[in-house]
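A short write-up of the structure that comes next.
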Amino acid sequence: MKPSRPEYATLCFNTPDSGDELNSKQNRRAIALITTLMMSVVLLMMLVSLVRAVTTQDYLTRGYHDNVAAMYVAESGLADVMSHLEIDGSWQEGFNGEPMQNRPGKYWVKFFSGGGQVPDDASINNIIGNTARPGPRGRVVPKGSALIVVTARVGAAQRQLEAIINSSGVINVEYPLMTSGNIELKGAVTIDGIHSLQGYERVAAGIHSNSRGSGTASVTWEPSNATDKAVVTGKVSSADSRPVGVGIDFGSDASRYDVGAFERAAAQKQFPGVGDIDRQVSLHAGDPAPTIQTAGTTTLPAGKYHKSGNLSVNGDLALDGGELFVDGDLTINGGISGQGAIWASGKVTFKGDATLQSSEKAAVMSKQGVNLLGFNGEEYMEAFAQSDPEVRVLWDATKQALGDTQDLLQNGDPATIVGAGGPLDVQARKLAYYPDSAELPIPVVNPEDALVGGNYLGKLQEKLSAQSQGPSRDFMIRKLGGYKDFFGANTAGTDATVANQFFNRPRVMPGAFAAVVNSSRVDALSKLTLQVSNVSYAKAGSSYFQGVIYTNGHVFAANSVTTLGAIMVDGRGRTDVQPNPLDPSETFKPGQLVMRKGANLTFVEEFFEDGDNALRIRGPVRVRTWASR
């Protein structure tokens, strides 16, 4: 029997169904693969976009960072330039790719000093110039200033900075006499003002104290005699809120003073910014020391000079454009003249007067105080004697002869000390010239031989005459000459006549000593004693100053002071006191001004206005304008 066909047919019928299922699986796998690939492409594109975005942001961030950093580097370059110019106003070396320390970045500064068109990236140093100079991009660089262009690079970023800086500035003065502490005036006082030394156009001038008052009055004036008067063409003001008569006290008699106005509880005024005096002195520690004359006048030509430790100038100081920096006290046993500046970390003391021309003006900056005293001739001669053995011998012998003369007059027997050839005549021949006394010309081989023939005072005169000219030297020559004539041979008339003239009007007059001694005028010895005991080489005089005095300490004037300019006493932040040089039992506080024998202060307005006649000082370098290119 044959097998049935349906079973085979059924098998064949079911085969196509299995293939469809297989194809369906493969299709699904293909779709998944395609989907995966498409998603991978999308994810890859997203990843690429993300990487690009991150890279772009990093680039932008780094560019911004470098751009900002480049400006900071440019500012560092400007600070570096300023530090060099503060030490040397003529510095023009510049920088060529100067690297930052421990930081990325470099800066360039190129100075241009030639003629023609100024390059856009050039810097112009005109700090020590006398006229304005053209700068880059049509800019004008004023005298006393510098235009600095700094180019800085950090990475791919480059920035330029342009600044106008100055070191030689005009001092801004609102009141010609201003203090942070008390003001004490005594004697005849005149405070007035003029616009210019050439035109004499009158301007108001006042005085001001920033002291708020406690205890004594902030501003006081007291007459020394019945005729003294105070004249202040401007305002007398103080931050002291106490009533006028208490905080500001000029006395109860209003007829004794003529004041523009009194103002109590005034706003505190701002002092001019001259910078840190100690720092200015230390910045110039590498400058050469000044050459100081042993007597006469010491002249400082244009340039900068530094002295470490205290400095004493025996004679007058002439500033011929020089700047003197003293790391200690400065004492000038004479006057100051010329045009220049003095910076001292200690006190400055002037012992004499100064003679300045209308074009001359000086600036004195002192950390601890300024003393204006009379000229001390004995100090002057003592310092001179230390430099010359013959002067040493003559000066010591002069003092000894004067001492012996005083002792004879005070303790000797009047009847035995007078007469030609007597003890007083012997001393007079030591001190002065007598035709019958044979002298040895100087210089001599042995310093002691300078005493042969006497005339010690005349020989000291001769020694001084060989020194450089100056007011203090000339004063001492006149002083010694006056005493030489007083003790010298009488040639003015008969001894009796000259002795009578002296007796009737005792004074230091030529031939008086010899006339009294030779004519044995015992009755005139007491008057002669008074004149001899009053022999002095000091000069009270008056202190004359033209310019500006600025101190962080005090100002003390023992004698009348005449100032054309201004006096600034800014003692803020300081507590140390300084002794009165004439009376150590008295002390002065920082910010205090004391004038004991009157004051004449004329405010010269043009000194403190920007112009050709302005008083300019080399102080800290400051930025006037700043711009990013």
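The values are calculated or read from the model by the stated rules, or taken from the named source; none is laboratory data. Quantities reported herein were computed from a predicted structural model and do not represent experimental measurements. Glycine also receives a Cβ, built like all others from the backbone with ideal geometry; neighbour counts cover every protein chain displayed. Accessible surface areas use protein heavy atoms only, side chains included; no ligands, DNA or RNA. Shrake-Rupley method; radii C 1.70, N 1.55, O 1.52, S 1.80 Å.
So if each residue of separation counts as 0.36 nm, and I subtract the Cα-Cα distance between Asp58 and His195, what length gain in nm does that give? Intermediate results must be reported in sequence, preceding the final value.
Details: separation 137, 0.36 × 137 = 49.32 nm, distance 6.34 nm.
Length difference between fully extended and current span is 43.0 nm.
Calculate the FRET efficiency for Arg256 and Thr587 from the Cβ-Cβ distance with a Förster distance of 45 Å, rounded to the nearest 0.05. Don't skip to the end; give the middle numbers.
On the way: r = 29 Å, r/R0 = 0.65.
Working from the Cβ atoms, E equals 0.95.
Between Ser241 and Asn23, what is 0.36 nm times their sequence separation minus the Cα-Cα distance? Round to one decimal in nm.
Working: separation 218, 0.36 × 218 = 78.48 nm, distance 10.86 nm.
Contour length minus Cα-Cα distance gives 67.6 nm.
Under 5 Å between amide hydrogens, which residues at least 5 positions from Leu311 or on another chain qualify, with H placed 1.01 Å from N in the peptide plane?
Here the answer is Asp329, Leu330, Thr331, since their amide H atoms fall under 5 Å of that of Leu311.
For Arg212, what accessible surface area do you get with a 1.4 Å probe? Give it in Å², rounded to 10.
Result for Arg212: roughly 150 Å² accessible.
Calculate, axis by axis, the spread of Cα positions in the stretch 66-170 along the three principal axes, and write the results as whole Å, longest axis first.
Taking max minus min along each principal axis of the Cα atoms, the stretch 66-170 gives 40, 29, 21 Å.
Working with all protein chains in place, sort Met568, Met46 by solvent-accessible area computed with a 1.4 Å probe, largest first.
Numbers: Met568 0, Met46 115 Å².
I get Met46, Met568, largest accessible area first.
Antiparallel DSSP bridges in the chain: what percent, to the nearest 5?
Values: 39 of 135 bridges.
If I count the DSSP bridges inside the chain, around 30 percent turn out antiparallel.
What does DSSP give for the stretch 196-267 in terms of the percent of beta bridges that are antiparallel, rounded to the nearest 5? Intermediate results must be reported in sequence, preceding the final value.
Numbers: 1 of 13 bridges.
Bridges in the stretch 196-267 are about 10 percent antiparallel.
Just the number please: accessible area per residue for the stretch 66-170, 1.4 Å probe, all protein chains included, in Å².
On the way: 4850 Å² over 105 residues.
I get 46 Å² per residue for this part.
R0 = 35 Å: FRET efficiency of Gln158 with Met45, Cβ-based, nearest 0.05? Walk me through the intermediate numbers first.
Working: r = 36 Å, r/R0 = 1.04.
Computed FRET efficiency for Gln158 and Met45: 0.45.
With a/c under 1.5 counting as rounded, go ahead and sort the stretch 44-92 into rounded, prolate or oblate using the C-alpha gyration tensor (a ≥ b ≥ c being the square roots of the eigenvalues; past the cut-off, prolate if a/b is larger than b/c, else oblate).
Numbers: a/c = 10.76, a/b = 7.74, b/c = 1.39.
Prolate, since a/c reaches 1.5 and a/b exceeds b/c.
When the dipole is taken about the Cα centre of the chain, and only Lys, Arg (+1) and Asp, Glu (-1) are charged at their Cβ, what size is it in debye, to the nearest 20? Write out the running numbers ahead of the final one.
Values: 57 positive and 64 negative charges, 470 e Å.
That gives the chain a dipole magnitude of about 2260 debye.
Give the average over all directions of the projected area of the C-alpha convex hull of the stretch 239-329, one decimal, in nm². Spell out each step's value before the answer.
Working: hull surface 40.5 nm².
Average projection, Cα convex hull of the stretch 239-329: 10.1 nm².
I need the Debye-formula profile for the stretch 379-537: one equal scatterer per C-alpha, no solvent, reported as log10 I(q)/I(0) at q = 0.13 1/Å, two decimals.
With no solvent term, the Cα-only Debye profile gives -0.58.
Once the dipole of the chain is set up with Lys and Arg at +1 and Asp and Glu at -1 on Cβ about the Cα centre, which of Val189, Ser520, Ser209 lies farthest towards its positive end?
Of the candidates, Ser209 comes out farthest on the positive side.
Roughly how much of Leu44 is accessible, in Å² to the nearest 10, using a 1.4 Å probe?
Surface open to solvent at Leu44 totals about 100 Å².
Quote the accessible area belonging to Leu177 in square angstrom, nearest 10, computed with a 1.4 Å probe and with ligands, DNA and RNA left uncounted.
Its heavy atoms expose roughly 0 Å² to the probe.
Checking the cross-link filter: which lysines have an alpha carbon closer than 20 Å to that of Lys143, excluding same-chain neighbours under 8 positions apart?
Excluding near neighbours in sequence, the set is Lys110, Lys304, Lys361.
Rounded to the nearest whole Å², what accessible area per residue is found for the stretch 228-336 with the 1.4 Å probe? Numbers along the way, then the final one.
Working: 4460 Å² over 109 residues.
Per residue, the stretch 228-336 has 41 Å² of solvent-accessible surface.
When Lys and Arg each count +1 and Asp and Glu each count -1, what net charge do the other residues less than 14 Å away from Leu528, Cβ to Cβ, add up to?
Computed value for this residue: 0.
I'd like to know which of Val535, Trp395, Val246 lies farthest towards the positive end of the charge dipole of the chain, counting +1 on Cβ of Lys and Arg and -1 on Cβ of Asp and Glu.
Val246
Note down the magnitude of the dipole of the stretch 66-170 about its Cα centre, charges +1 on Lys and Arg C-beta and -1 on Asp and Glu C-beta and zero elsewhere, to the nearest 20 debye.
Details: 9 positive and 10 negative charges, 50 e Å.
Roughly 240 debye for the stretch 66-170.
Would you kindly derive the ³J(HN,Hα) couplings of the stretch 575-586 from the backbone phi angles with the Karplus curve 6.51 cos²θ - 1.76 cosθ + 1.60 (θ = phi - 60°), listing them in order in whole Hz, with x for Gly and Pro?
10, 6, 10, 10, x, 5, x, 9, 8, x, 6, 9
Roughly speaking, what is the stretch gain from Arg572 to Ser113, that is 0.36 nm per residue apart minus the C-alpha to C-alpha distance, in nm to one decimal? All intermediate terms of the calculation are to be shown ahead of the outcome.
On the way: separation 459, 0.36 × 459 = 165.24 nm, distance 4.21 nm.
My answer for the length gained is 161.0 nm.
Using +1 on the beta carbon of Lys and Arg, -1 on that of Asp and Glu, and nothing else charged, what's the dipole of the stretch 418-527 about the Cα centre, debye to 20?
Working: 12 positive and 10 negative charges, 94 e Å.
My answer is approximately 440 debye.
Could you check the spin-label model distance between Asp436 and Asn534? Points 7 Å from the Cα along Cα→Cβ, value in nm.
Reported label-point gap for Asp436 and Asn534 is 3.2 nm.
Using a cut-off of 15 Å between alpha-carbon atoms, which aspartates and glutamates can reach Lys597, once sequence neighbours fewer than 8 places away in the same chain are excluded?
Partners within reach: Glu184, Glu222, Asp228, Asp353.
If you look at just the Cα atoms of the stretch 416-465, how large are its Rg and its Dmax in Å?
My reading of the Cα-based Rg and Dmax gives 11.8, 38 Å.
If you roll a 1.4 angstrom probe over the protein chains with everything in place, what fraction of the accessible area of the chain belongs to carbon and sulfur, to the nearest %? Present the calculation step by step, with values, prior to reporting the outcome.
Details: 15500 of 29890 Å².
The value for the chain is 52 percent carbon and sulfur by accessible area.
Assuming a ≥ b ≥ c are the square roots of the Cα gyration tensor eigenvalues, decide whether the stretch 179-228 counts as rounded (a/c under 1.5), prolate (otherwise, with a/b larger than b/c) or oblate.
Numbers: a/c = 4.40, a/b = 1.49, b/c = 2.95.
In terms of gyration-tensor shape, oblate.
Which option, (1) 1.42; (2) 1.38; (3) 1.01, is the value of Rg/Rh (Cα atoms, Kirkwood Rh) that was calculated from these coordinates?
(2)
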